[in-house]
Structure formats: C-alpha cells, structure tokens
Amino acid sequence: MILDAKGAELARVTTDGRSSGPTWSPDGTQLAFLRLSGVTVDLQLATLQLAANGTVSVAKTDALTTFSGLDGNSRPAWWAPAPPPAASPSAAPSPSPSPS
C-alpha cells in the first residue's frame, strides 16, 4: 500500500497478504518487493503510473525470479553505478583558433 504524508491510501500494490519488504526505485517509478508462494520467496517488480489528477496505480507487476528461494528476512535493494566524475574546467579542451 502506498500512503500519502497524512496516511491516506494512494494505491494498493498487492492484495495477496504474502508480499513484504518493499523498496522504491531510485527514480520513484517502481517498487521491488518479496512475495511468498508456498515456501518459496521470489522478487517482484511493480511499475507505477501517476495520472495527471495525482492518482497512483500499478501499471504492471513482473516476476523477476521464479522458485528462487530468496531469504524472506532480506529486503530488495537497488544498485546503480556511480555517475562518472564531472570534467573539471581545466581539463576541458580549449577552443581551436579561428582560421585567418
């Protein structure tokens, strides 16, 4: 369930009662979470959609693993490579002289 700052429900991501450990994507458009199926824990990904009127809905949910047996006590985490360092002004190439 996604709540606003006042605690009001904005969207219900799952209704199965077997999902846990939600983690937001860095850009806020997806939620990764664990889902228990029998004795197996798998990783799911919900893609969210924000409407012009501010309502949030789940556009789709994808199973990222199947029968993987993940640790149900863990939480999903996002990983993204660090951006390359910005070039310093002194490292920028100088403009070519204008032809005479």
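The values are calculated or read from the model by the stated rules, or taken from the named source; none is laboratory data. None of the values given here were measured: they were computed from a predicted structure. Glycine also receives a Cβ, built like all others from the backbone with ideal geometry; neighbour counts cover every protein chain displayed.
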Test: residue in the stretch 18-30 that is at positive phi and under 11 Å from the mean Cα position of the chain (by Cα): yes
Which members of the stretch 1-35 meet the condition of being of a type in the set (A, V, I, L, M) and either touching a helix residue (DSSP H, G or I) at 6+ places or on another chain (Cβ under 8 Å) or at pLDDT 90 or above (or both)? Val13, Leu31, Ala32, Leu34
Filtering the stretch 65-80 for residues that are at pLDDT 80 or above and surrounded by fewer than 13 Cβ atoms within 10 Å (Cβ to Cβ) leaves a count of 1
Lone unmet requirement of (1) charged (D, E, K, R); (2) assigned to a loop (DSSP other than H, G, I, E, B); (3) at pLDDT 90 or above; (4) within 16 Å of the chain's Cα centre (by Cα) for Asp62: (2)
Exactly one of Leu31, Leu43, Leu48 is assigned to a strand (DSSP E or B) and under 21 Å from Phe67 (Cβ atoms), and that residue is Leu43
